[in-house]
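**Q** Sharing a structure, written as C-alpha cells. Questions coming.
No value in this document is a laboratory result; all are computed from the given coordinates. In this text the structure is predicted, and so the values were computed from the model without any measurement. As a convention, Cβ positions derive from the backbone with ideal geometry for all residues, glycine included, and neighbour counts pool all protein chains shown.
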Amino acid sequence: MNRKSIIKNLVDLRFFIFKSLIGVLISTILSLIFYRFIFEEIIFAPVNKNFITYKIYCQLVSSYRIDPSLCVEKFNFILQNRTMEGQLSVLIYTSITFGFILSFPWIIFQLLTYIKEKFSASKSINLKFQVLNISLLFFVGVIFGYYIIVPLSISFLTNVQISSIIKNQIDIGSYISLLRSTIIATGVIFNLPILVYYLNKLGIVNHDLLKHYRRYAYVIILIASAIITPPDVLSLILLVIPLFCLYEISTYLCKFNRTVNI
C-alpha cells in the first residue's frame, strides 16, 4: 500500500467518524428535547411494579407455581442523587446513550460504506440488506435486555440483603449504568451471526471450525452471559438460550455462505 492509498484511507476514515458523530449528535439533541418522556416512560419504568414484565412473571407464578420471588410486590430501595452535578451528568450521558442507540442504523450504514471497497466483487456487501439485518438484531437485543434482563437484575440485586440494618439507597448513576450496560451489551451480542458471517467471508472461520469448537463456544457464551446477568439461574438461562440459537444460526450461515450472497 503506497502513501497515496494510506492518505485516502485516512480521509475516508475521518469522513466515516465525522458522519457517524453527526448522526449521534442529532439523535442526542432529540433525546435531550424529549428527556422527560425518556426518563419517566423508559428509564424508570422497570422500577414500577406495574411494569409489563413483572405482571407476566406474577401470572406465571400464580399459574405454574414457580419461584414466587419473580412476582414483585414492592421494591426494597429508593433512587437517590448524591452529588450537585449528578442529575445533570445523568441527563447528558443518558441522552448520549439514547443518541447512540437511535443512530445505530446510520452508524452501521456509514461503517459498511467505508469497508465496502475492501471486499472483492465476489464478496460484495448488500448495504441495505445488511444494515437492516444488523439493526434489527441490535434492536431485538436491546428490547430483550430491557424487558427481560434488566427487570430480573433489578429484582435480584435489590433483594439481596446481608443485614436488616442496611437500607438500599441506590445512586442514580449506578442504576443508569446497570440499564445502559445491559441493553447495549445484549444489543451487540445479538449480532453474533453477522460477526461470524463476516469472519467467514474473510476466511477466518468456517462451518467445520464452528461445529468442531461448538462445546468451547458454549462455555464462552455461558461465561459471557454470567457476566452480563445477575447471579441467578433464571436470568442466565433466559440469555443463554437465545445466544445458543444465534450460534447455531451462525453455523448455518457459514455452511451456506458460498451459495447465498447477502
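**Q** So how tilted is helix 192-201 from the main axis of the chain? Cα-based, degrees 0 to 90, rounded to 10.
**A** 10 degrees
**Q** So how strong a dipole does the chain carry about its Cα centre when Lys and Arg Cβ are +1 and Asp and Glu Cβ are -1, to the nearest 20 debye?
**A** Rounded to the nearest 20 debye, it is 980 debye.
**Q** OK, next. Going toward the positive end of the dipole of the stretch 1-89, with +1 on Lys and Arg Cβ and -1 on Asp and Glu Cβ, which of 15, 86, 43 do you reach last?
**A** Farthest towards the positive pole: 15.
**Q** Projected area of the chain, taken from the Cα convex hull and averaged over every viewing direction, in nm²?
**A** 18.2 nm²
**Q** Turning to a different aspect of this structure: For the stretch 1-100, calculate the relative contact order in percent as a whole number, restricting contacts to Cα pairs under 8 Å that are 6 or more residues apart.
**A** It rounds to 43 percent for the stretch 1-100.
**Q** Quick one: plug the Kirkwood hydrodynamic radius of the stretch 1-113 (C-alpha pairs) into Stokes-Einstein at 20 °C, 1.002 mPa s, and report D in µm²/s.
**A** Reported coefficient: 120 µm²/s.
**Q** List the residues whose amide H sits under 5 Å from the amide H of residue 205, counting only those 5 or more places along or on another chain, with H placed 1.01 Å from N in the peptide plane.
**A** Those qualifying (amide H under 5 Å, at least 5 residues apart or on another chain) are 200.
**Q** When the Karplus curve 6.51 cos²θ - 1.76 cosθ + 1.60 is applied with θ = phi - 60°, which whole-Hz ³J(HN,Hα) does each residue of the stretch 17-27 get, with x for Gly and Pro?
**A** Working through the residues one at a time gives 5, 5, 5, 5, 5, 4, x, 5, 4, 4, 5 Hz.
**Q** Positive end of the charge dipole of the stretch 47-196 (Lys, Arg +1 and Asp, Glu -1 on Cβ, about the Cα centre): tell me which of 193, 141, 182 has its Cα farthest that way.
**A** 193
**Q** With an 8 Å cut-off on Cα pairs and a minimum separation of 6 or more residues, tell me the relative contact order of the chain in percent.
**A** Worked out over the chain, it gives 22 percent.
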